[in-house]
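Remarks on the structure that follows.
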Amino acid sequence: MADSGPLARLEEFKTNEHFPEEVFGRVAEGQTLRAIARSLGLPPAPFSRWYMEVHGDLYDKARIARAEDLVGDALDAATADLGKDEVPAAKLKAEILMKVASKYDKARYGDSLQVNKTETFAIDAGLVGLASDLIKKIGSKPGLAQRAIGHQTLTIDQEDDEGSL
């Protein structure tokens, strides 16, 4: 029997109900979709695209499972009883494993930045009335009037009776 080719094999794998779980396990163990495709004789790009489109949630869960293993490996590397010469390599290994884990499971191991900022603005009703009168006066003159006020620019267009701030 002749080989049907990589794309035909991919179509066969798509119909296998156990295949997505097999891929999940292999990703959780640290294999990439590209490596899995190559090991099965499947075209890497179409396989990866199909798996991500159809089983993206499973892929995300596999990467989260993989992140747990990476963190465990990082802890092992960081807490190993090592000689003085081995410590820098173990520290680097732990840092790399944690960096990869932070990419696989951003919610748990990724860097987070929380910004809380509240701004309060007080508007003086008298000032608004004065500005409205000014806009009407300037707006009655032909052309465009501009005046820089602090960091703001007041622009009044002849065609716009209300003007714009």
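Just so you know, all these numbers are worked out from the coordinates, no wet-lab data involved. On a predicted model such as this, the values are computed, not experimentally measured, just so you know. Here the Cβ positions follow ideal geometry from the backbone for every residue, glycine too, while neighbour counts run over all protein chains shown.
Rank by packing, highest mean first: peptides 14-21, 78-85, with packing defined as the count of other Cβ atoms within 10 Å averaged across residues.
Final packing ranking: 14-21, 78-85.
Given the stretch 6-109, what count of lysine pairs have C-alpha atoms under 23 Å apart, with each pair 8 or more places apart or on different chains?
Counting lysine pairs in the stretch 6-109 gives 10.
Mind jotting down a quarter of the surface of the convex hull over the alpha carbons of the stretch 1-83, in square nanometres, one decimal?
For the stretch 1-83, the mean projected area of the Cα convex hull comes to 7.2 nm².
Summing Lys, Arg as +1 and Asp, Glu as -1, what charge do residues with Cβ under 13 Å from the Cβ of Leu75 carry, Leu75 excluded?
-3
Whole-Hz ³J(HN,Hα) for each residue in the stretch 9-18, computed from phi via Karplus 6.51 cos²θ - 1.76 cosθ + 1.60 with θ = phi - 60°, x for glycine and proline: what do you get?
Whole-Hz 3J(HN,Hα) from phi for the stretch 9-18: 4, 4, 4, 5, 5, 4, 8, 7, 5, 8.
For the pair Asp69 and Val115, how long in nm is the line joining their label points, each one 7 Å along Cα→Cβ?
Rounded to a tenth, the inter-label distance reads 3.8 nm.
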